[in-house]
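The values are calculated or read from the model by the stated rules, or taken from the named source; none is laboratory data. Fair warning: this is a prediction, and the values are worked out from it, not measured in the lab. Cβ sites come from the backbone with ideal geometry, for glycine too, and all protein chains shown count toward neighbours. What goes into the accessible areas is simple: the full protein's heavy atoms, side chains included, and nothing from ligands, DNA or RNA. Shrake-Rupley method; radii C 1.70, N 1.55, O 1.52, S 1.80 Å.
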Amino acid sequence: MEPLSEAQVIANLRQTEDVPAQYYAAWWLGKMRSRHPQAVTLLLDTLSALSQVPVDPERRGVALNAIRALGMLQDAPALSALLPLLKSSDYSVREEAARSLGLHRATEAVGPLCHLIAGGPEQAGREQPGSALLQEPCEAILEALGAIGVATPSVIETITPFTQHPRPLIRAAACRALLQITGDQRWASELEQLLLHPEPLVRRGALLDLGATGWTASLPAIEAATVESSLKLVALRGLAEQSGDSTILDVMDRLL
């Protein structure tokens, strides 16, 4: 089967009868970092499904893919559509909007993001009744705040309590954000300690968090971590991209 062309993908997103084709098209445009002149407009059009009552589950899936794609495309006009999504009653919509706004490094999102987790681990970070979900998508919000990088005292004070959250992946996200914002070695050390966690999922998360920070002093800890080499390569690539340190490529070569 021949791969779809960009023109075909755009046509698939524009039509409304074949929802699975729209779903794939929204994913494709983000994955391929499309610069097609109609891409952002068509992706934004899919978000209207979120205001329908009731929301169609399949079209909701298209909209979630579109939110992710809009983050990857980093098109400034999309911000006015993404920001209101942080007030959505849909947990996944808030989560994807936070991630996309982080990719945009949207400073105007800092206030709304902090508002969502202002209750700290006891409120925003509390588990929903009968669910493994927290009250707010804390991990995505913390990562977004770190990526945006606004280092005001109020932002730091909002994030810091989550370094004591009972879930290690939330602690890792908070440490990652604080390391990005403050450059304080303390938070790198906390992440390196999580590389020794008995749970593989936690080690993987901490590894990718360190890669996202560009903290090159953690290179030995990343190289020594008991995590799959394929994930180490992803983390090292992020480390190289964030830091601009070309010597990291030598470590990557040893892993190949």
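Only residues that are under 19 Å from Ser5 (Cα atoms), in contact (Cβ under 8 Å) with a residue 24 or more places away in the chain and β-branched (Val, Ile, Thr) were counted across the range 15-61, and they come to 2. The one condition from (1) over 16 Å from the mean Cα position of the chain (by Cα); (2) without any contact (Cβ under 8 Å) to a residue 40 or more places away in the chain that Phe162 does not meet is (2). Every condition in (1) over 24 Å from Ala140 (Cβ atoms); (2) of a type in the set (Val, Ile, Thr); (3) touching a Leu at 6+ places or on another chain (Cβ under 6 Å) is met by Ile10 except one, and the failing one is (3).
Scanning the range 228-256 for residues that are within 21 Å of the chain's Cα centre (by Cα) and among the hydrophobic types (A, V, I, L, M, F, W, C) returns Leu231, Leu233, Val234, Ala235, Leu236, Leu239, Ala240.
Where helices (runs of 4 or more DSSP H) fall entirely within the range 52-128, those with at least 1 residues that are farther than 13 Å from Ile141 by Cβ and open to solvent by less than 70 Å² (accessible area, probe 1.4 Å) are at 57-73, 79-82, 91-104. Note on the range 161-171: residues that are crowded, with 16+ Cβ neighbours inside 10 Å and either under 19 Å from Ala118 (Cβ atoms) or of a type in the set (Asp, Glu) (or both) amount to 7.
Going through Ala147, Ala140 one at a time, which residue ends up being in contact (Cβ under 8 Å) with a residue 40 or more places away in the chain, open to solvent by 10 Å² or more (accessible area, probe 1.4 Å) and within 25 Å of Arg68 (Cβ to Cβ)? Answer to the check: Ala147.
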